1. Please go through (1) loosely packed, with under 15 Cβ neighbours inside 10 Å; (2) within 16 Å of ligand 1 (Cβ to nearest atom); (3) touching a residue at least 40 places away in the same chain (Cβ under 8 Å) for A:D554 and return the number of the only condition it doesn't satisfy.
2. Name the single residue, out of those in segment A:419-437 being under 17 Å from A:A264 (Cα atoms) and not in a loop (DSSP other than H, G, I, E, B), that is farthest from ligand 2 (Cβ to nearest atom).
3. Within segment A:314-328, which residues are open to solvent by less than 50 Å² (accessible area, probe 1.4 Å) and within 19 Å of A:V345 (Cα to Cα)?
4. Quick test for you: out of B:L70, B:L77, pick the one residue that is within 14 Å of another protein chain (Cβ to nearest Cβ), touching a strand residue (DSSP E or B) at 6+ places or on another chain (Cβ under 6 Å) and buried (at least 20 other Cβ atoms within 10 Å of the Cβ).
5. Filter segment A:395-418 down to the residues that are assigned to a helix (DSSP H, G or I), within 12 Å of ligand 1 (Cβ to nearest atom) and open to solvent by 10 Å² or more (accessible area, probe 1.4 Å) and list them by number.
6. Might you check whether a residue that is in a strand (DSSP E or B) and surrounded by 16 or more Cβ atoms within 10 Å (Cβ to Cβ) occurs anywhere in segment B:139-157?
7. So which of B:E71, B:E113, B:E145, B:E96 ends up being acidic (D, E) and closer than 30 Å to A:I176 by Cα?
8. With the requirement that a residue be aromatic (F, W, Y) and open to solvent by 10 Å² or more (accessible area, probe 1.4 Å), what does segment A:32-88 give you?
Amino acid sequence: MAVSAVDFGAAAAKRKAEQPAQAPARRREPRRMLGAQALVEALKAEGVEYIFGHPGGAVLHLYDALYDSGLKTVLCRHEQGAAHMADGYARATGRPGVCLATSGPGATNLVTGLATAFMDSIPVVAITGNVPRALIGRDAFQEADITGITLPVTKHNFLVRSARELPRVIRAAFHIATTGRPGPVLVDIPKDVGVEELDFDYPETVDLPGYKPTYKGHIRQIMAAAKAIAEARRPLLYVGGGAIASGAHEEVRAIAEKCDLPVAMTLMGLGAFPGNHPQSLGMLGMHGTAYANYAIQNCDVLIAVGARFDDRVTGALDTFAPRVEQIIHIDIDPAEIGKNVIAHVPIVGDCRTVLSALIEKVPEKKHPEWWAQIDEWRREYPLQYRPGDTEVKPQAVCEAIYEVTGGEAIVATDVGQHQMWAAQYYKVHGPRQFVTSGGLGTMGFGLPAGIGAKLARPDKEVFVVSGDGSFQMNIQELATAAEHNVAVKVAVLNNGYLGMVRQWQEFFYQRRYSDSRMWSPDFVTIAQGYGIKAMRVTEPGDVRAALEEARAHDGPVVIDFQVAREENCFPMVPAGGSNSDMLGPKGWIE
Amino acid sequence: MFGGAFGATDGKAREHTISVLVENRPGVLSRVAGMFSRRGFNIDSIVVGAAEEPGFSRMTIVLVGDERELEQVQKQLHKLIEVIKVSELDPAEMVERELALIKVAADRTNRAEIVQIVDIFRASIVDVSPHTVIVEVTGDVKKVEAMVDLLRPFGIKEIVRTGRVGVLRGPKSSGVHGDRRRGLQAVGG
Ligand SMILES: Cc1ncc(C[n+]2csc(CCOP(=O)(O)OP(=O)(O)O)c2C)c(N)n1
Ligand SMILES: [Mg+2]
């Protein structure tokens, strides 16, 4: 494969370096070609490996150019699957994922996937066909104003008005998607642009006068942060997805170890710090560990790294971190700073760059008293569930996946109780290994995202932790996995319910289970129908053996774990409540 | 101390005028307007026109909010790729103007009286018909409103207002060039 897109800067520099010294930069001869071919050439120049898509009338020219292009296309069974696969590919690697859909319904089917990527700041480039230029605005067959529709769920989007614009637009799309705070970018290409001729010359630079992300933090702010950390008595590092996006995991670890900081992670931040590290408090927030939430509520200096004080993390804002004296907020997006809470030390910059500078400025420290307090919380309120003698406990399945894979596998999840259990009990060791829809909470994300992740990282084991509800929202992608023999191991935690909905109804609606009990087909038969190996597990003693059998199989596997039906996910901070008030398996945690 | 969730005002909401320099591309107005509606900010007035250099437009946006809201608006505007520069125009340091065309019922009996009012305001009459006159008035909002109030008794048939545009007094500028030298580097993302 050609150069990877994230390395574009480096690749461009290398290309320059390869030119003979002193010689004036030689101009490449532009090549005459069609728009569709130009798109292919541009994607190659960006180092694209896979295109996840589904064809249709408006993209026939594009698919024709892809046919013998050498780029690998993956035919998804639904465009939402394509968007999630591109997203999973991006989360697992940091490189942009690419998806492709036809006009109208193909394009609108991408929307949930784009919104998912947007909420979690994932670099995805979506390409859609549209009706020919002359028909735009006339309600032509399969016309949709997809740039209008996706305006609020993309970082930016483009409607290509002539083939000449294509190289510049594709270059800009990849640049915008992958730099600053990453995010999805959509490029809409009217059908006739695909057969319009142009002189292709791929630009090395972009001309975006209004776009200049800040990477380096302000030194005065960094000094202020160092001082606050040096003076802290009860510091806490609060790490979000931005730390993973910027590749700051080593710096997070270095500063945590140097300053003896406890580390709590958001759902999106899991893996930015090793879950098995003695300083890890695991996840914080609504379903976070009690000790992480107590640490938040009692810290005096809170260091937020690439996190955005989401309501699922803070609970009621006026009760959040009541003892805090200094909030240090590091984020590449200036608009995140001061959006939900006011930081005392705001630092706009790339998490990794800022942390590397900060590490130099902070003294080594120990916090024995603070740790004694935290360890007491850990002893008193551990993450726990009652093991089942006869029933398979969903938590036990997540724990077993952790044990058999040693925390080294990529785990992609769906949304619901199983997602929270996976976050709690799969103590992911490294970055880009926990693939989950955090911001949008999109059921149906897990399977396609897992497929994208596995294609991106064939060297890694990939588990999908799904629920009986979520699995059925993109179950058609089993065909995609089967066709390409993508070895994802799908663990369906089948509780016969939309479990998270049922849990809320149990607590807040007097157990009136309105449409949360759910009939499902036989997932083993379904998987086998797709030609996929499948197992059913009903006994707690069979969990590990099934996981091992799945791991040993060279290809996709579906395991239908028939788990305890009315298990609840604890701890739980009721929505809008305070992080100090958590429900546990035995009622309110005192 | 945190001031609660964003959107809660600190009680000091006032009117702000911001000047936004943008690349003149299709859709840029809907991006700006869409950002306001999506995030629940209200626009009192928005005016778009060509800027001093080809390829760029300037928007003058008037909104009501507290300092924190204003800061979020500015930051969110900056995130739009086609936005080059956002600056708040300090009311004490800016010249602000609006133009209004007011169609007033008028006949021989009262036309002279209308002309008198128009003269006092240094406004002008740009069209006369047997039963109407059209008054053109330019000035700050107060002046335009005072004019409207005085004409109301005659019977106003139609009012068209441009919305407000503003620019800083003196040599300071939020121009296309000013901005490449400074400011820009500190924002974005
Ligand atoms: C697309 C979508 N629709 C609805 C919801 C609301 N929702 C959140 S969790 C959940 C239930 C998920 O059920 P299941 O996948 O079986 O997981 P469980 O909670 O039982 O583990 C629902 C319906 C959602 N998050 N996403
Ligand atoms: Mg379920």
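The values are calculated or read from the model by the stated rules, or taken from the named source; none is laboratory data. Not measured: the values here are computed from a predicted model. Here Cβ is always computed from backbone atoms with ideal geometry, including for glycine, and neighbour counts include all displayed protein chains. Each accessible area value is taken on the protein alone, full model and side chains, heavy atoms only, with ligands, DNA and RNA left out. Shrake-Rupley method; radii C 1.70, N 1.55, O 1.52, S 1.80 Å.
1. Condition (2) is where A:D554 drops out.
2. Selected residue: A:F434.
3. Result: A:T314, A:L317, A:F320, A:A321, A:V324, A:I327, A:I328.
4. B:L77
5. Correct list: A:H418 only.
6. First pass over segment B:139-157, keeping only residues in a strand (DSSP E or B): B:139, B:156-157.
Right, trim to surrounded by 16 or more Cβ atoms within 10 Å (Cβ to Cβ) and you get B:139.
Within segment B:139-157, one or more residues are in a strand (DSSP E or B) and surrounded by 16 or more Cβ atoms within 10 Å (Cβ to Cβ).
7. Numbers: B:E113 fails: closer than 30 Å to A:I176 by Cα; B:E145 fails: closer than 30 Å to A:I176 by Cα; B:E96 fails: closer than 30 Å to A:I176 by Cα.
Unique residue meeting the criteria: B:E71.
8. Those that are aromatic (F, W, Y) and open to solvent by 10 Å² or more (accessible area, probe 1.4 Å): A:Y50, A:Y63, A:Y67.
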